[in-house]
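Below: one structure, written as structure tokens.
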Amino acid sequence: MPDPTGGCSVPETREFTDLPQRAVRIGVAGPVGTGKSSLIATVCRSLADRLRLGVITNDIYTDEDARFLRAAGVLAPELIRAVETGACPHTAIRDDITANDLAVGDLEADHGPLDLVLVESGGDNLTATFSPALVDAQLFVLDVAGGGDVVRKGGPGISRADLLVINKTDLAVHVGVDVDRMVREGREVRGERPVIALSRNDPASVDALSAWVLGLVDAQRAGRHTPHDPGPMAPHTHADDHDHRHS
Ligand SMILES: Nc1nc2c(ncn2[C@@H]2O[C@H](COP(=O)(O)OP(=O)(O)O)[C@@H](O)[C@H]2O)c(=O)[nH]1
Ligand SMILES: [Mg+2]
């Protein structure tokens, strides 16, 4: 009787539930200096005893953020990896996510299983958002020192990231900014999407951020969270690079 498999071995059927669970991925975007690396350090300090964490940083020319986080001692150094984008940061988190996707995959392969990988965008302007193909959810970080009007300047991250963070609220009194107003203006443009006023020196606000992260991880695991695209940046070109266009 002929071999019905034609000599090929038939792979064992695997239940969906047998598949290894991949880490939930959260992207952290926002302008340079708003406190993205510090926020990641805060989340790691707060949740390292509850989640197996990893971090991928993006810098244009260096691995500065990865070195900062390793020096801060928030995770074992091998759980923090840098991607040098070599190009405008939004390219690596949205237009061609290959380097970041591989970095997360390699980190999990080498040190997994992990529960959560935080991906920090190289600081860009108000237009940069992550592709939902790279991260399951994303937060957008502004700070009070950037000015009380910055929420009103809008953009896809401010309006539609899964979470908007108004950071460094401890500085508000020094820079004459009304935090409540910034939060209110954020809520006005974001509808149901949450806004957190954060300072790393304010434990209640750190607890709120940690609760959001844990809720997101739970929702993603339970299939209750659908990654969504905050939307593209406005079409633009780079004046000194005629082949580089985003539409
Ligand atoms: N006062 C204050 N400073 C902060 C806070 N978070 C971050 N910073 C400072 O803001 C600066 C930029 O932070 P960093 O995390 O490197 O920003 P990134 O460029 O967005 O990653 C650093 O000097 C931080 O120490 C905060 O909650 N309060
Ligand atoms: Mg940083």
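The values are calculated or read from the model by the stated rules, or taken from the named source; none is laboratory data. Note that the coordinates shown come from a computational prediction; the quantities given were computed from them, not determined experimentally. All Cβ positions, even for glycine, are placed from backbone atoms using ideal geometry, and neighbour counts span all protein chains on display.
G86 - would you say it is part of a loop (DSSP other than H, G, I, E, B) and at pLDDT 90 or above? Before the answer, list the steps.
Working: part of a loop (DSSP other than H, G, I, E, B): yes; at pLDDT 90 or above: no.
Considered against the rule, which asks whether it is part of a loop (DSSP other than H, G, I, E, B) and at pLDDT 90 or above, G86 comes out as no.
Please determine, by comparing only the residues of the stretch 17-38 that are away from ligand 1 (no atom under 12 Å from the Cβ), within 20 Å of A99 (Cβ to Cβ) and charged (D, E, K, R), which one is farthest from the chain's Cα centre (by Cα).
R22
May I ask you to list the residues in the stretch 39-64 that are of a type outside the set (A, V, I, L, M), crowded, with 19+ Cβ neighbours inside 10 Å and farther than 27 Å from D96 by Cβ?
Hits for the stretch 39-64 are T42, C44, S46.
Looking at L79, L75, which is the one that is modelled with pLDDT of 95 or more, touching a strand residue (DSSP E or B) at 6+ places or on another chain (Cβ under 8 Å), under 25 Å from S199 (Cβ atoms) and more than 11 Å from ligand 1 (Cβ to nearest atom)?
Result: L75 is the single residue among L79, L75 that is modelled with pLDDT of 95 or more, touching a strand residue (DSSP E or B) at 6+ places or on another chain (Cβ under 8 Å), under 25 Å from S199 (Cβ atoms) and more than 11 Å from ligand 1 (Cβ to nearest atom).
Filter the stretch 32-73 down to the residues that are hydrophobic (A, V, I, L, M, F, W, C), part of a helix (DSSP H, G or I) and in contact with a Ser or Thr (Cβ under 7 Å, 6 or more places away or on another chain) and list them by number.
Across the stretch 32-73, the qualifying residues are V43, L47, A66, F68, L69.
Looking only at residues in the stretch 111-128 that are within 11 Å of the chain's Cα centre (by Cα) and among the β-branched types (V, I, T), which one is nearest to ligand 1 (Cβ to nearest atom)?
It comes out as V119.
Can you find even one residue in the stretch 179-201 that is within 13 Å of ligand 1 (Cβ to nearest atom) and among the basic types (K, R)?
Scanning the stretch 179-201 turns up at least one residue that is within 13 Å of ligand 1 (Cβ to nearest atom) and among the basic types (K, R).
Of all residues in the stretch 33-85 being touching a Leu at 6+ places or on another chain (Cβ under 8 Å) and of a type in the set (S, T, Y), which is farthest from ligand 2 (Cβ to nearest atom)?
Checking each candidate, the answer is S46.
Say we look at the stretch 98-121 and pick out the residues that are in a helix (DSSP H, G or I) and touching a residue at least 40 places away in the same chain (Cβ under 8 Å); which of these is surrounded by the most Cβ atoms within 10 Å (Cβ to Cβ)?
Result: N100.
Quickly run through the stretch 181-206 and pick out the residues that are away from ligand 2 (no atom under 16 Å from the Cβ) and either among the basic types (K, R) or touching a residue at least 60 places away in the same chain (Cβ under 8 Å) (or both). Outline the logic, then answer.
Step one: list which residues in the stretch 181-206 are away from ligand 2 (no atom under 16 Å from the Cβ), which gives 181-197, 199, 201-206.
R181, R184, R187, R190, R193, V206 - these are the residues of the stretch 181-206 that are away from ligand 2 (no atom under 16 Å from the Cβ) and either among the basic types (K, R) or touching a residue at least 60 places away in the same chain (Cβ under 8 Å) (or both).
Looking only at residues that are of a type in the set (D, E, K, R) and not in a helix (DSSP H, G or I) in the stretch 169-215, which one is nearest to C44 (Cα to Cα)?
Per the criteria, the residue is R200.
Scan the stretch 132-156 for residues that are away from ligand 1 (no atom under 13 Å from the Cβ), within 17 Å of the chain's Cα centre (by Cα) and either modelled with pLDDT under 95 or outside any loop (DSSP other than H, G, I, E, B) (or both) and report the count.
Here the count works out to 4.
Which of the residues spanning the stretch 157-169 are of a type in the set (G, A, S), in contact with a helix residue (DSSP H, G or I) (Cβ under 9 Å, 6 or more places away or on another chain) and within 15 Å of ligand 1 (Cβ to nearest atom)?
A161 - this is the single residue of the stretch 157-169 that is of a type in the set (G, A, S), in contact with a helix residue (DSSP H, G or I) (Cβ under 9 Å, 6 or more places away or on another chain) and within 15 Å of ligand 1 (Cβ to nearest atom).
Taking the condition closer than 27 Å to R50 by Cα, surrounded by 14 or more Cβ atoms within 10 Å (Cβ to Cβ), in contact (Cβ under 8 Å) with a residue 60 or more places away in the chain and over 14 Å from the mean Cα position of the chain (by Cα), does V165 pass?
When the stated conditions are applied, V165 does not pass them.
For the stretch 193-224, which residues satisfy the criterion of being among the polar types (S, T, N, Q) and surrounded by 13 or more Cβ atoms within 10 Å (Cβ to Cβ)?
S199, S205, S210, Q220
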